Amino acid sequence: MSDDPTPLPAPAAADPMAAHVARLFYVEQLTKQEIAAATGLSRFKVARLLEHARAAGIVSIEIRSDALIDHRLSQALERRFGLEHALVADGYEEAGATSRDAATRDAVTRVAAAWLPQLLHKDDVLGVAWGSTIAGIAAHLPAQTGARIPVVQLCGAFANMQRGQGPIELTIGIAQSLGGRAHTLPLPAVLGELPLRREMLRHPAVAETIQRFGDVTTALVSIGSMEDKDRSALIGSGGLEPAEFERLRMNGVVGDLLLHPFDGTGHFIRTPLSDRTVVIAIEQLRQARVIAVAGGAHKRRAITAALRTGVIDVLVTDRETAEFVLAEG
């Protein structure tokens with residue numbers, strides 16, 4: 001057989017030779033060498049026929065997914081903020097959700113759920129937060145056969161959480177998917193008087209999980225925004241009164257990571273709320289690998305500032321937010 005480099009004539013859409021070679025390669029999954037042996041063609045001509053089949057439309061390849069990644073923006077975020085990974089969800093306009101925000105959240109949580117098992121190691125202890133974003137990840141997270149990853153609830157619960165978004169049920173659900181034990185924290189996230197907080201933290205049902213905060217190697221969190229009190233998860237869940245929310249905003253707070261408020265420059269701000277919360281300490285969070293999942297127009301300023309804290313190692317967000325953050329960051 002001769003590896004004649006003379007170009008083959010461009011085949012018509014119904015060219016039988018190109019179609020036959022394409023079928024052997026794409027459907028029967030023969031290698032180019034095997035096709036050459038079966039057809040009497042040279043390996044070079046097999047490769048050229050495959051090229052022609054694509055060019056003529058005999059073969060078309062369609063990638064069907066609702067969890068596509070914008071590689072260019074992902075790399076740009078990694079370089080700008082020194083991230084271990086950035087995953088920018090694309091294609092959410094076709095997600096079929098009832099609103100733009102819902103479509104964005106759905107795409108972002110699908111990407112996070114698809115990648116989370118790849119980001120975890122067998123010896124990891126996963127800490128999880130709460131809310132609609134984490135609930136979306138839990139809903140899409142595939143069961144990991146053979147995994148034995150313990151899951152720790154990183155903050156207390158809230159009185160008015162929507163069904164399926166509370167930290168206790170999310171901890172249990174994600175632990176089931178990852179095949180590990182769930183360490184729950186059965187008490188409110190925001191308590192009243194300081195003596196009461198100290199007393200409750202000593203309770204055996206609580207103390208065991210609090211002690212596990214130091215074992216957390218990876219934390220899965222979202223990013224809270226102070227942009228709009230009507231869309232604040234902290235107010236909606238009963239964690240903050242509107243007056244407290246406004247006081248935080250007046251102090252320069254633009255968002256929070258697990259109830260730890262930060263300003264626009266990425267500095268954490270100690271407030272009266274800090275002494276009343278039941279949550280992993282920010283120092284402990286810094287020791288873990290933090291995967292932050294957040295997107296949508298109302299969270300863009302908070303996401304930008306959260307990246308400036310230096311706490312986040314992996315960010316999963318949407319395309320328009322990534323573009324905003326890169327322009328502002």
Note to self: Cβ contacts < 6 Å: first residue over 22 Å from Thr133 (Cβ atoms), restricted to segment 174-200; second residue modelled with pLDDT under 75, any location; separation 6+ or different chain. Result?
What the structure shows: Leu191/Arg197
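Return the residues of segment 146-163 that are in a loop (DSSP other than H, G, I, E, B) and open to solvent by less than 30 Å² (accessible area, probe 1.4 Å); say none if nothing qualifies.
Narrowing segment 146-163 to residues in a loop (DSSP other than H, G, I, E, B): 146-150, 154, 156, 158-163.
Selection gives Ala147, Ile149, Pro150, Leu154, Gly156, Phe158.
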Notebook entry, point to check: Give me the pairs: first residue in segment 152-168 and farther than 16 Å from Ala182 by Cβ, second residue open to solvent by 20 Å² or more (accessible area, probe 1.4 Å) and assigned to a strand (DSSP E or B), beta-carbon distance under 9 Å, and six or more apart or on different chains, which are they?
Noted result: Phe158/Pro188; Phe158/Val190; Ala159/Pro188
Notebook entry, point to check: In segment 160-187, which residue that is of a type in the set (S, T, N, Q) and more than 19 Å from the chain's Cα centre (by Cα) is farthest from His140 (Cα to Cα)?
Noted result: Asn160
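Quick check on segment 82-92. Is at least one of its residues open to solvent by 50 Å² or more (accessible area, probe 1.4 Å), part of a helix (DSSP H, G or I) and either modelled with pLDDT under 90 or of a type outside the set (D, E, K, R) (or both)? Working first, answer last.
Our first condition is that a residue be open to solvent by 50 Å² or more (accessible area, probe 1.4 Å); within segment 82-92, this holds for 82, 84-85.
Going one step further and asking which of them are part of a helix (DSSP H, G or I), we end up with none.
No; the residues of segment 82-92 include none that is open to solvent by 50 Å² or more (accessible area, probe 1.4 Å), part of a helix (DSSP H, G or I) and either modelled with pLDDT under 90 or of a type outside the set (D, E, K, R) (or both).
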Note to self: Being farther than 24 Å from Glu283 by Cα, exposed (fewer than 15 other Cβ atoms within 10 Å of the Cβ), modelled with pLDDT under 90 and not acidic (Asp, Glu) narrows it down to one residue among Pro195, Pro186, Pro204, Pro242; which is it?
What the structure shows: Pro242
Check: Restricting the first residue to segment 42-63 and requiring it to be at negative phi, which pairs with a second residue that is hydroxyl-bearing (Ser, Thr, Tyr) and surrounded by 15 or more Cβ atoms within 10 Å (Cβ to Cβ) meet a Cβ separation below 8 Å and a spacing of at least six or different chains?
Finding: Val46/Thr39
Next item on the list: Please work out if Ala143 is at pLDDT below 90 and either open to solvent by 60 Å² or more (accessible area, probe 1.4 Å) or under 23 Å from Leu116 (Cα atoms) (or both).
Entry: yes
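Give the residue that is most open to solvent (accessible area, probe 1.4 Å), with candidates limited to residues of segment 274-306 that are in a helix (DSSP H, G or I) and more than 22 Å from Phe245 (Cα to Cα). Step through it out loud before you land on a result.
Quick first cut of segment 274-306, residues in a helix (DSSP H, G or I) only: 274-275, 282-287, 297-306.
From what's left, more than 22 Å from Phe245 (Cα to Cα): 283-287.
Details: Glu283: 119, Gln284: 65, Leu285: 2, Arg286: 118, Gln287: 155 Å².
Only one residue fits best here, namely Gln287.
The values are calculated or read from the model by the stated rules, or taken from the named source; none is laboratory data. Here the structure is a predicted model, which means the values were calculated and not measured. Don't worry about glycine lacking a Cβ; one is built from the backbone with ideal geometry, like all the others, and counts go over all protein chains shown. What goes into the accessible areas is simple: the full protein's heavy atoms, side chains included, and nothing from ligands, DNA or RNA. Shrake-Rupley method; radii C 1.70, N 1.55, O 1.52, S 1.80 Å.
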